[in-house]
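Take a look at the structure set out below.
The values are calculated or read from the model by the stated rules, or taken from the named source; none is laboratory data. This structure is a prediction, so every number in the text was calculated from the model and none was measured. Glycine also receives a Cβ, built like all others from the backbone with ideal geometry; neighbour counts cover every protein chain displayed. Ligands, DNA and RNA are excluded from the accessible area calculation, which covers all protein heavy atoms including side chains. Shrake-Rupley method; radii C 1.70, N 1.55, O 1.52, S 1.80 Å.
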Amino acid sequence: MKNIAILTSGGDSPGMNAAIRSVVRAALFHDLKIHGILNGYEGMIDGKFIELNSSSVSNIIQRGGTILKSSRSQRFLEQSFRKLAFEHLKTNNIDGLIVLGGDGTFKGAAQFSKEFDFPIVGIPCTIDNDLVGTDFCIGYDTAINTAVDAIDKIRDTADSHNRLFFVEVMGRDAGLIALRSGIAGGAETILIPETKMGVNEVIDVLNKDWKREKSSKIVVVAEGDEEGGAFVVAEKVKQKCPDFDIRVTTLGHIQRGGKPSCMDRVLASRMGLSAIETLITGERSVMIGIINQEVKLLPFEKAVKHHMELNPGLLHLMEVMAS
Ligand code: F6P
């Protein structure tokens with residue numbers, strides 16, 4: 001193996017740049033040439049390859065986003081475009097690929113790797129943290145800290161005005177951002193897709209004597225909760241409890257940006273080095289994970305098929321705190 005390429009795909013996450021830096025520096029350490037592919041699988045289809053060196057990744061460990069840009073490629077779902085992408089890899093003499101992203105990225109990687117018998121190693125980057133095979137995905141820690149910071153600020157104004165806020169956080173169909181940020185933000189209760197809590201139960205929690213007397217109330221709602229987003233839930237609560245002074249805040253894409261936390265930078269740096277060393281050992285279609293502080297490899301198929309189970313201890317904590 002002499003030439004490696006790296007791309008970032010899907011929704012960006014804070015820490016992707018730290019991982020790119022680590023991959024580049026580790027590749028050079030092992031005397032490999034390293035190329036960046038711009039704009040994810042789209043750039044692979046269009047042949048957008050650039051050579052990277054040590055200084056290409058200077059001063060990026062602290063930056064959010066991705067210097068390689070990202071995309072959600074529809075064309076990569078088609079065999080004819082994947083073939084084009086493969087031809088560009090061959091033209092650029094690439095013999096191993098590292099992809100950074102979430103489950104969509106790894107689904108594409110699994111198919112491509114099988115179709116063209118091409119070595120690919122994945123690094124899990126998603127604020128949703130919804131992949132099995134690793135305790136944490138790059139970006140999740142930063143996103144939950146961003147969410148907690150926002151919840152704390154909302155708490156200040158909620159407290160001044162005796163208001164009830166519904167705060168919507170991201171996570172697609174997973175409730176992991178909501179669960180941790182809700183616990184850390186002292187939310188009255190948390191709505192996540194993994195539990196069946198409905199509007200009536202939310203009202204019961206809010207009507208508990210001591211909660212009624214609280215000058216601020218915050219309910220964190222995961223965007224994928226089956227009751228609907230925060231606006232829908234707030235409307236349903238308003239209809240049944242017209243005396244609550246309600247406001248809604250959707251945190252949205254601020255959760256995807258910003259300086260990566262220390263934890264994400266270290267995680268990204270470890271995973272980047274492992275990705276290079278894993279390719280060197282001849283692995284072909286695996287995701288890097290870190291479980292209980294140890295690097296583990298998981299075949300792409302397994303990383304994409306399952307969703308992470310929520311920690312029962314955190315769920316119990318959530319229930320007790322809401323009671
Ligand atoms: O997967 C990351 C994520 O931020 C989800 O939490 C969210 O549902 C989705 O991406 C938003 O995607 P986009 O930026 O393409 O609208």
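Taking the listed residues 146, 157, the one that is polar (S, T, N, Q) and within 19 Å of the chain's Cα centre (by Cα) is 146, with no other qualifying.
Taking the listed residues 322, 268, 230, 275, the one that is at pLDDT below 95 and in contact with a strand residue (DSSP E or B) (Cβ under 6 Å, 6 or more places away or on another chain) is 322, with no other qualifying. Among the conditions (1) touching a Cys at 6+ places or on another chain (Cβ under 9 Å); (2) surrounded by fewer than 19 Cβ atoms within 10 Å (Cβ to Cβ), the only one that residue 33 does not satisfy is (1). You will find that of 133, 122, the residue that is outside any helix (DSSP H, G or I), touching a strand residue (DSSP E or B) at 6+ places or on another chain (Cβ under 8 Å) and modelled with pLDDT under 95 is 133 and no other.
If I filter the stretch 247-264 down to residues being touching a Ser or Thr at 6+ places or on another chain (Cβ under 9 Å) and open to solvent by 40 Å² or more (accessible area, probe 1.4 Å), which single residue comes out as nearest to residue 11 (Cα to Cα)? This residue is 256.
If you go through the stretch 64-94 and keep only what is surrounded by fewer than 17 Cβ atoms within 10 Å (Cβ to Cβ) and farther than 21 Å from residue 119 by Cβ, you end up with 67, 72, 74, 75, 77, 78, 80.
In the stretch 207-225, of all residues being out of contact with any Phe, Trp or Tyr (no Cβ under 9 Å at 6 or more places or on another chain), at pLDDT 95 or above and not small (Gly, Ala, Ser), the one that is surrounded by the fewest Cβ atoms within 10 Å (Cβ to Cβ) corresponds to 223. For the stretch 154-169, the condition holds for no residue, the condition being that it is part of a helix (DSSP H, G or I), away from the ligand (no atom under 16 Å from the Cβ), touching a helix residue (DSSP H, G or I) at 6+ places or on another chain (Cβ under 9 Å) and free of Cβ contacts under 8 Å to residues at least 60 places away in the same chain.
The rows are residues; the columns are (1) in a strand (DSSP E or B); (2) within 30 Å of residue 21 (Cα to Cα).
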{"position": "220", "(1), (2)": "yes, no"}
{"position": "225", "(1), (2)": "no, no"}
{"position": "237", "(1), (2)": "no, no"}
{"position": "253", "(1), (2)": "no, yes"}
{"position": "270", "(1), (2)": "no, yes"}
{"position": "298", "(1), (2)": "yes, yes"}
{"position": "302", "(1), (2)": "no, yes"}
{"position": "316", "(1), (2)": "no, no"}
{"position": "319", "(1), (2)": "no, no"}
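Within the stretch 271-283, the set of residues being surrounded by 15 or more Cβ atoms within 10 Å (Cβ to Cβ) and farther than 19 Å from residue 36 by Cα comprises just one member, 283.
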